[in-house]
Structures are given as C-alpha cells and as structure tokens.
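Scroll down for the structure; my scribbles are underneath it.
All of the numbers you see were taken from the coordinates with simple rules; none came from a lab. Just so it is clear, the model here is predicted, and its values are computed rather than measured. Note that we place each Cβ from the backbone using ideal geometry, even for glycine, and neighbour counts take in every protein chain shown.
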Amino acid sequence: MVVIGAGQAGLSSAYFLRRFGFEPVVLDAGEGAGGAWRHRSPSLTMGKVHGIFDLPGVHREPGVDGLRPAAEVVPAYYASYEERMGLDVVRPVRVESVRRGGDGLLVVGTDAGEWAAPAVVNATGTWTRPYWPYYPGAAGFAGRQLHYAGYRGPAEFAGRRVVVVGGGASAMHVLSEIAGIAAATAWVTRRPPVFRDDDFGEDARREAVALVEERVRAGLPPQSVVGVTGLGYSTVVRQALAKGALDRLPMFRRLTGEGVAWADGRRLEADTIIWATGFRSALDHLAPLRLREPGGGIKVDGTQVVKEPALQLVGYGPSASTIGANRAGRSAARNVRRHLTTRPARPAA
C-alpha cells in the first residue's frame, strides 16, 4: 500500500489504513515533516492561521504560543505524529509517475525506484502548483510580480506601491501585514468578497465540503473550499480592516509598464503585484492513467477515482483544506479495504 504525500491528508490516510490492518509506505518529497506548512511565510504565526485541525488519534499540546511561526509549530507536530504512530515515511522521494502494472497493481515511479501496490492513496496537495492567472501586458510590467507561495513577510515591501490580487485568506494575510509598511496598497478581486459573521461551525463546514464535492463528482475541476465558505472575521481580516486595507477594487483588465488599468480607462501606478490567487492540484504524475474528464477534472466518488478504483484522491477538491482532510483519509482507507476485498481473484496458475 502506497500513500503519496505526508501532509495532513496523507498522514490521516496512513493512520486509518493502519487501523484497517494495512501497512502503508508513505512517500514524501519534503526534506522533513510538515508538508506545505514547511514553506509558509515566517510571518504567518499560529495566532493568524486560517485553521489547523488535529491529526486523527492524537491531539496537539494545548497552549501553543500564538506568536510562533506556523512553519515551525506544525512541522514539529507532524514529525512527532509520524514517530508516535510509527508511520513508515520515506523521504525525500519525488514521485514522477503512476501507471498500471500487471496483476491489477499500480506502479509508482520515483527518483528513488519503483513501488508496486494493489492500491494507492494520492495526497500530493496543491502547494507545488501556484496558480498565476494571465492578464494582457504581464510581460511588459516593469515592477516585481510574485505569488503568495513566495511571500516571506512585509519588510521587503516597505515604501512600495503594492497591488494584492485575490479574495481569500492568503490575500488577507498579506494585506494585514504590508498595509502601513508599503507606501500604498490596493486590493483587487474578480468577485465582490463575502464576509461571514458566524462561527463557521461543523455543520457549515460540512455544507462547504459538500458543495465542492458536487463538482468533483461531476468530473469538473474543483473549486477551493475557502472560495465556497467566504471570509470569516479572522485575526488577519480584523487587522486588515483596522488598517483600512479592505477597500476592494474590481479586477483590472490589463497590466501596463507602470501598473494596472481597467476597461473604463482608470489606471493605478504600482511597482509590485502579489498574486494571492490560490493553487491547483499537483497531479501531473497521474497523467499515465488518463483520468481527466472532458470537463477538465478527475471524476471521484468520495475519494475513489471512478476510472481507476485502485486509486484514492485525498487533498483534492473538498479535502484540499484542513476542513475535510481527516474525513477524506478515513473514507480513502475504507474504499481501499472495500476495493481489495471485492476485486476478482486471479485465476490459479
């Protein structure tokens, strides 16, 4: 049994697979534990994070200092979890392909050799595929452009005129920090933001996950869970509001050499654009399986891939955020057990 990825979805899947009597090998590309959390900005402290859910079977220590970087706290928690649960995590291993082999096995090809397994759980997440939307004039913009994945805190933007593009938690994090340090900030989104003032409890979370599940069940590319939930009044949202940084502008039409321009002729000078525009699922290694539907997505039933029942996708669609990761891990393990107990037996030699 192979699990690809050791973020929350991968570790959750491995935990439940062991509960069901399997001994999975977890292949992880990172140099150490923590998944995408290893690469977060040092300025994203525990008091600012959008939400971290406990891994199954063990709780985090209470009273974590809210000023400590999440990039330190969460990887340490994951490393402790791997050790405590006795999970077999092999790293750093970069998965290059997954293909069908003989006897109903899937063959996972990596830079460290091949693993053949009767079932594979893919939990590669999204962090390695930042999404950069194309707008005319991007190549001619004279300033700096970076994606949120490369954001490392506000200091380097002192005195800069910054346009932040995106309507999610990442944009809120950036605006909450650079406003008042940058010479000027502008917030641009494709759609008007929706702020929610409830506590976004368990029922609301399940409703959000269900909306994303509808798309992936139909074989459409998933939307982010955060895009469905709207913006709650988190720490970073309140900080950005207090700094007057949430005066939202509609999406510009194009970039110019000196900034951005709208269809009605308005222009805004800027020397930096931060694209807080999210991520796409890192699934290129699954291309040999030819899983894409005409709509561009991979059709899944829960976590099970319809075109390849031996493959589970977690960290995809509804489980791409921490909201649904543990539930997806449990579902994937159950699907693996069902698949292996119901597949036809091989004929005797």
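Observations, loosely collected:
- Put in order of Cβ neighbour count within 10 Å, fewest first, the listed residues PHE53, PHE279, PHE20 become PHE20, PHE53, PHE279.
- In loop segments of the stretch 231-287 as defined by DSSP, the trypsin sites (Lys or Arg not before Pro) with at most 12 further C-beta atoms inside 10 Å of their C-beta are ARG266.
- Sequence of LEU55, LEU283, LEU175 once ranked by neighbouring C-beta atoms within 10 Å, starting from the fewest: LEU283, LEU55, LEU175
- Loop-located trypsin sites (Lys or Arg not before Pro) in the stretch 53-147 (DSSP state other than H, G, I, E, B) with a sparse environment of at most 14 neighbouring Cβ atoms within 10 Å: ARG94.
- Once the chain from ALA139 to THR341 is taken as fully extended at 0.36 nm per residue, the excess over their C-alpha distance is 67.3 nm.
- For the stretch 50-123, with +1 on Lys and Arg beta carbons and -1 on Asp and Glu, the positive-most of PHE53, VAL93, PRO118 along the dipole: PRO118
- Note on GLU258 and ARG292: their simple-model spin labels are 4.1 nm apart, each label 7 Å out from Cα toward Cβ.
- Neighbourhood charge, 15 Å Cβ-Cβ cut-off, centred on ALA6 and excluding it, Lys, Arg +1 and Asp, Glu -1: 0
- Zone of GLU269's modelled label, taken as backbone nitrogen in the stretch 131-162 under 16 Å from a point 7 Å along Cα→Cβ: 142-144, 159-162
- Taking the Cα centre of the stretch 239-278 as reference, the dipole from Cβ charges on Lys and Arg (+1) and Asp and Glu (-1) amounts to some 140 debye.
- Here the stretch 1-143 is assigned +1 on the Cβ of each Lys and Arg and -1 on the Cβ of each Asp and Glu. Its dipole about the Cα centre then comes out at about 380 debye.
- Placing unit charges on the Cβ atoms of the charged side chains and taking the dipole of the stretch 56-192 about its Cα centre, the candidate lying farthest along the positive direction among VAL164, LEU106, PRO75 is VAL164.
- Taking label points 7 Å from Cα along the Cα-to-Cβ direction, LEU67 and SER80 give a separation of 2.1 nm.
- DSSP beta bridges in the stretch 1-112 [antiparallel fraction, %, rounded to 5]: 50 percent
- Cross-link partners for LYS307 among the lysines, with Cα-Cα distance under 25 Å and sequence neighbours closer than 8 places in the same chain left out: LYS299.
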